[in-house]
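**Student:** My questions all concern the structure below.
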Amino acid sequence: MNDFITSKANPKVKLAFSYQQKPGDHFLVEGFHAVNMALENQMVEELFLLKEDPKLKAPQHIVTPEIIEKLALSQSPEGIVAVCHQKAEEPLSSDRVLYLDRIQDPGNLGTLLRTALSFGFHDVVLSAQTCSPFNSKALMAAQGAIFSLNVIRSKQESTLDISSLKKQGYFILGTALKDAVAFETFKESEPKLVLVLGNEGQGIEPAVLSLCDSRVKISMSGIDSLNVGVAGGILMHALAKSTL
């Protein structure tokens with residue numbers, strides 16, 4: 001049964017707000033697109049919205065605009081916020097894997113997750129030093145992609161992650177500005193491939209880079225580097241051409 005809540009001090013509202021402040025096993029997403037993706041993946045526990053919507057199959061709290069503004073982070077919220085639970089991690093199942101080494105900016109992480117889903121990188125491994133994908137800014141940038149991806153949060157050293165992936169038969173492709181070949185010359189022929197992207201300021205950790213089977217760089221002029229979200233998009237699109 002749906003209920004009506006008019007006070008921001010309501011215990012349900014306060015509990016949901018705590019998930020926004022410190023996401024853990026539960027977190028908040030906003031906007032109809034992201035909420036629908038969460039519903040499709042059966043990850044929604046309850047909804048806060050301005051008016052009842054029988055098409056949305058989850059418990060609904062009908063609330064005031066002030067409550068939506070408290071729970072949402074966007075400047076112009078769409079009037080719907082969902083409390084979601086985290087998706088269980090699964091074993092790697094795809095031939096294209098994205099490995100993110102020490103990504104620190106939540107916006108970059110969310111952008112990379114959204115791009116990974118767009119170009120068929122359904123398995124994404126986050127190093128232990130990468131920021132949380134459940135950070136509110138990461139969730140907003142991901143636009144619901146996290147619900148359809150298998151995101152694995154590593155708890156060990158990055159070198160151990162890469163060594164494990166190599167043992168599973170993956171070709172490890174790293175990105176670097178030095179001692180790297182132009183990506184246009186890279187002959188992609190490996191059936192199983194991991195694309196490694198590194199920290200915004202420092203790139204891939206040297207010990208991880210030493211384990212890569214090949215290193216590539218994006219040819220450019222006028223500037224010496226690209227934002228990791230932009231670079232990741234260029235590379236994932238190119239690597240996915242043959243499978244799209």
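The values are calculated or read from the model by the stated rules, or taken from the named source; none is laboratory data. Note that the structure is predicted; figures quoted are calculated from it, not measured. Every residue, glycine as well, gets a Cβ built from its backbone with ideal geometry; the counts of neighbours run over all protein chains shown.
**Student:** Among the listed residues L195, L211, identify the single one that is closer than 14 Å to V125 by Cα and hydrophobic (A, V, I, L, M, F, W, C).
**Tutor:** Details: L211 fails: closer than 14 Å to V125 by Cα.
Selected residue: L195, the only one of L195, L211 that is closer than 14 Å to V125 by Cα and hydrophobic (A, V, I, L, M, F, W, C).
**Student:** Can I ask one more? Restricting attention to region 147-157, report how many residues are surrounded by fewer than 21 Cβ atoms within 10 Å (Cβ to Cβ) and touching a residue at least 60 places away in the same chain (Cβ under 8 Å).
**Tutor:** Number of matching residues: 4.
Here's the yes/no breakdown for (1) assigned by TED's automatic domain parsing to the domain that holds F134; (2) in contact with a strand residue (DSSP E or B) (Cβ under 7 Å, 6 or more places away or on another chain); (3) of a type in the set (F, W, Y); (4) closer than 18 Å to R96 by Cα:
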position: D161; (1), (2), (3), (4): yes, yes, no, yes
position: A182; (1), (2), (3), (4): yes, yes, no, no
position: K187; (1), (2), (3), (4): yes, no, no, yes
position: G198; (1), (2), (3), (4): yes, yes, no, yes
position: I204; (1), (2), (3), (4): yes, yes, no, no
position: V216; (1), (2), (3), (4): yes, yes, no, yes
position: S225; (1), (2), (3), (4): yes, no, no, no
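Residue-by-condition table, conditions (1) within 24 Å of K22 (Cα to Cα); (2) at pLDDT 95 or above; (3) touching a Ser or Thr at 6+ places or on another chain (Cβ under 7 Å):
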| position | (1), (2), (3) |
| --- | --- |
| P133 | yes, yes, no |
| V151 | yes, yes, no |
| D161 | no, yes, yes |
| I172 | no, yes, no |
| T185 | no, no, no |
| E190 | no, no, no |
| L195 | no, yes, no |
| G201 | no, no, no |
| A207 | no, yes, yes |
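**Student:** May I ask you to verify whether A145 is farther than 19 Å from E40 by Cα, assigned by TED's automatic domain parsing to the domain that holds G174 and among the aliphatic types (A, V, I, L, M)? Give the steps one after another, and end with the answer.
**Tutor:** Values: farther than 19 Å from E40 by Cα: no; assigned by TED's automatic domain parsing to the domain that holds G174: yes; among the aliphatic types (A, V, I, L, M): yes.
Taking the combined requirement at face value, the residue does not satisfy it.
**Student:** Between a residue in region 29-51 that is of a type in the set (K, R) and any residue that is crowded, with 16+ Cβ neighbours inside 10 Å, which pairs come within a Cβ distance under 8 Å, given they are 6 or more apart or on different chains?
**Tutor:** Matching pairs, first to second residue: K51/I62; K51/G79.
**Student:** Also: Within region 178-203, how many residues turn out to be more than 17 Å from G233 (Cα to Cα) and either aliphatic (A, V, I, L, M) or in contact with a helix residue (DSSP H, G or I) (Cβ under 8 Å, 6 or more places away or on another chain) (or both)? Working first, answer last.
**Tutor:** Step one: of region 178-203, the residues more than 17 Å from G233 (Cα to Cα) are 178-181, 185, 187, 189-192, 201-202.
Now drop any that are not either aliphatic (A, V, I, L, M) or in contact with a helix residue (DSSP H, G or I) (Cβ under 8 Å, 6 or more places away or on another chain) (or both), which leaves 180-181.
Residues in region 178-203 being more than 17 Å from G233 (Cα to Cα) and either aliphatic (A, V, I, L, M) or in contact with a helix residue (DSSP H, G or I) (Cβ under 8 Å, 6 or more places away or on another chain) (or both): 2 in total.
**Student:** Now a separate question. Residues that are surrounded by 16 or more Cβ atoms within 10 Å (Cβ to Cβ) and within 13 Å of the chain's Cα centre (by Cα): find the helices (runs of 4 or more DSSP H) completely inside region 30-146 holding 2 or more of those.
**Tutor:** It comes to 106-118, 136-142.
**Student:** Further question: Can you name every residue in region 205-223 that is closer than 17 Å to S163 by Cβ and without any contact (Cβ under 8 Å) to a residue 24 or more places away in the chain?
**Tutor:** Passing the criteria: P206, S210.
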